[in-house]
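Written out below as C-alpha cells is the structure these notes cover.
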Amino acid sequence: MELRQLEYFVAVAEEANFTRAAERIHVAQPAVSAQIQRLEREVGQPLLDRSRRTVRLTAAGEAVLPYARAALAAVADIHVAVEELTQLVRGSVTIGTVTSHSVDIPSLLAAFHDEHPNVEITLSTDNSDALIEKVRTGQLDAAIVSVPPDEHPEGLDIEVATDEAIVAVVGPTDALASRKTIRLRDLADRQLIALPVGAGIRHQFDDACAKAGVTPRIAFEASTPLALADLAERGLGVAIVPASVPRGRDGLHAVAIVPELRGRLALAWRSGGPMSPAANVLVNKARRLLRS
C-alpha cells in the first residue's frame, strides 16, 4: 500500500469525480484510476461505486476513508516536525533591547548559542516605542522594552522583568539634595536631564507633566539612564531616572517624585502570531530567566 494510492483515493472520495480529482492533484486520470484499482486489490474490496456519473463510496470505502485521511495527516505532521527541527537547528532569531536595563542579555544569548550554535542571532537597540512597533510588525521576534504599569502593548504578550519607581536625581551640591520628595510642579523651573522622546520613562514623565499642567524644561537628553545620572552628578540639572540608577553612588541624591511614577521593563513578543521554532525557544528561555 502506497501513500499516493491513499492520496488519490481521498481526492476521488472528496471530489466524487475522477476527472476533478486528477486535476486537483495534478495527475493524469488514468494514473488515478490505476492506483485506486491497485489499492482495492490490496484491501480485497471495491472502495468506490463507479456505476453512476457521480462516484460514491462503498461500505468498504466509507470504512477506509478516515484511516486514509489520518495516514496522510500523519505524514504531513512528520514533514512539519522535520521542518521545525531544521529551522531550530539552522534558523535565525532577532531580538531588540533598550540601551540600559538589568536583564542579563549576554548570558541569555550565550546559553542559547551553546544549545543551538547554528542559529543566527541578531541583537539591536532602539527606544521602546520603536522596538514595540518592530515586534508588532514582525521585524523583531522579541524585545526588552519599557512598559507603563497601567498599559499593555496592543498585539503583544509581555513578561515583566523589573518594576521600580522613577525618581529625580541631583548632585550633592544641588538645592534639592536636602529634600526627600518633590512634586512635578516644583520641577517646572529646573533644567531637566531626560531620555529622548520615544523612551518609555520619558513617555511616562511627559504624560504625567501634561496631566499636572507642567511644561518640563528638557536641557539635556542622553540615551541611557547612567549617562543622565553622570550629567546630574556634574551639576548640569535634575535627571529623571529609575530608582536603581543612583543606588550606591555617593555623588548622587535621589528625590522621590510625588505622586509616584513607576517604570516597568518587560520582555515583549507577538501575541498569538506565528513564531519560528528558534524564536519560540529563545522567548521561553528568556521568560524562565526573568522569573528566576
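The values are calculated or read from the model by the stated rules, or taken from the named source; none is laboratory data. From a predicted model like this one, the values you see are computed outputs, not experimental measurements. Virtual Cβ from ideal backbone geometry, glycine too; neighbours counted across all protein chains shown.
Couple of notes before you dig in:
- Among residues of region 169-188 that are among the β-branched types (Val, Ile, Thr), those with a beta-carbon under 8 Å from a residue that is in a helix (DSSP H, G or I) and buried (at least 16 other Cβ atoms within 10 Å of the Cβ) at least six positions away or on a different chain give the pairs Val169/Leu228; Val169/Ala229; Val169/Ala232; Val170/Leu176; Val170/Ala232; Ile182/Leu176.
- Matching residues in region 51-65 - criterion: being surrounded by 14 or more Cβ atoms within 10 Å (Cβ to Cβ), free of Cβ contacts under 8 Å to residues at least 40 places away in the same chain and of a type outside the set (S, T, N, Q): Ala60
- Any chance Leu231 is in a helix (DSSP H, G or I), in contact with a Phe, Trp or Tyr (Cβ under 7 Å, 6 or more places away or on another chain) and of a type in the set (A, V, I, L, M, F, W, C): yes
- Region 19-59, subset over 21 Å from Ala71 (Cβ atoms) and part of a helix (DSSP H, G or I), residue nearest to the chain's Cα centre (by Cα): Glu23
- Note on region 198-228: residues that are surrounded by fewer than 17 Cβ atoms within 10 Å (Cβ to Cβ), touching a residue at least 60 places away in the same chain (Cβ under 8 Å) and aliphatic (A, V, I, L, M) amount to 1.
- For region 115-142, taking the residues that are in a loop (DSSP other than H, G, I, E, B) and polar (S, T, N, Q), the one that is nearest to Gln204 (Cα to Cα) is identified as Asn127.
- Yes/no for His26 being surrounded by fewer than 11 Cβ atoms within 10 Å (Cβ to Cβ) and either in the same structural domain as Pro277 (by TED's automatic domain parsing) or on the phi > 0 side of the Ramachandran plot (or both): yes
- Test for Asn118: is it assigned by TED's automatic domain parsing to the domain that holds Ala210 and surrounded by 20 or more Cβ atoms within 10 Å (Cβ to Cβ): no
- Lone unmet requirement of (1) in contact (Cβ under 8 Å) with a residue 24 or more places away in the chain; (2) under 18 Å from Ala73 (Cα atoms); (3) of a type outside the set (Ser, Thr, Tyr) for Glu14: (1)
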